[in-house]
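J.: Have a look at this one.
The values are calculated or read from the model by the stated rules, or taken from the named source; none is laboratory data. The structure presented is a predicted model; accordingly, all values stated were derived computationally and were not measured. Virtual Cβ from ideal backbone geometry, glycine too; neighbours counted across all protein chains shown.
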Amino acid sequence: MPRPRKMRFVQAPPSVTTFMPEEPPPWGSGEVVLPIEGLEAIRLSDLEGLDQETAATMMNVSRQTFGRILAEARKAVAEALVMGKVLRIEGGHFQFPPRHRRRRRRGRCGRSF
């Protein structure tokens with residue numbers, strides 16, 4: 001039985017979910033699906049310029065898993081660009097990271113006088 005997948009952290013949902021070529025290719029078009037965690041991997045690595053170790057920590061995965069997610073995402077984007085296919089950003093196995101709540105302290109925080 002395979003190990004259950006860890007949830008990957010994504011900072012925010014994508015603002016755009018579909019890219020399509022202006023003119024479809026004459027041989028017909030297709031569609032490529034880019035998972036949301038793949039978009040996050042591209043954002044962290046290529047846009048933010050983070051190294052894989054730091055980006056993997058932010059996504060709550062190992063460095064090897066991050067590298068695999070990134071390679072698959074780049075392949076999907078390259079296929080859509082080169083072949084003139086629609087790129088749809090959807091699905092995946094992710095969650096938004098938990099927000100740290102600030103605790104309100106009452107009294108004198110345990111100080112003794």
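J.: Name the single residue that is nearest to P21 (Cα to Cα) among those in segment 51-98 being basic (K, R) and touching a residue at least 40 places away in the same chain (Cβ under 8 Å).
T.: Residues of segment 51-98 that are basic (K, R), as a first pass: 63, 68, 74-75, 85, 88.
Then drop every residue that is not touching a residue at least 40 places away in the same chain (Cβ under 8 Å), which leaves 85, 88.
On the way: K85: 7, R88: 12 Å.
For segment 51-98, the residue satisfying everything is K85.
J.: Would you call V61 among the aliphatic types (A, V, I, L, M), modelled with pLDDT of 85 or more, surrounded by 11 or more Cβ atoms within 10 Å (Cβ to Cβ) and in a strand (DSSP E or B)? Give the steps one after another, and end with the answer.
T.: Numbers: among the aliphatic types (A, V, I, L, M): yes; modelled with pLDDT of 85 or more: yes; surrounded by 11 or more Cβ atoms within 10 Å (Cβ to Cβ): yes; in a strand (DSSP E or B): no.
Against the criterion (among the aliphatic types (A, V, I, L, M), modelled with pLDDT of 85 or more, surrounded by 11 or more Cβ atoms within 10 Å (Cβ to Cβ) and in a strand (DSSP E or B)), V61 does not qualify.
J.: I've got another one for you. Looking at (1) loosely packed, with under 15 Cβ neighbours inside 10 Å; (2) in contact with a helix residue (DSSP H, G or I) (Cβ under 7 Å, 6 or more places away or on another chain); (3) of a type in the set (A, V, I, L, M, F, W, C), which is the only condition A73 fails?
T.: (1)
J.: Can you confirm whether segment 14-31 contains a residue that is in contact with a Pro (Cβ under 6 Å, 6 or more places away or on another chain) and under 20 Å from E90 (Cβ atoms)?
T.: If we filter segment 14-31 for residues that are in contact with a Pro (Cβ under 6 Å, 6 or more places away or on another chain), which is where we start, we get none.
Within segment 14-31 (the criterion being in contact with a Pro (Cβ under 6 Å, 6 or more places away or on another chain) and under 20 Å from E90 (Cβ atoms)), the answer is no, since none of the residues qualifies.
J.: Let me ask something else. Does segment 14-50 hold any residues that are within 15 Å of the chain's Cα centre (by Cα), free of Cβ contacts under 8 Å to residues at least 24 places away in the same chain, part of a loop (DSSP other than H, G, I, E, B) and exposed (fewer than 13 other Cβ atoms within 10 Å of the Cβ), and which are they?
T.: S15, E48, G49
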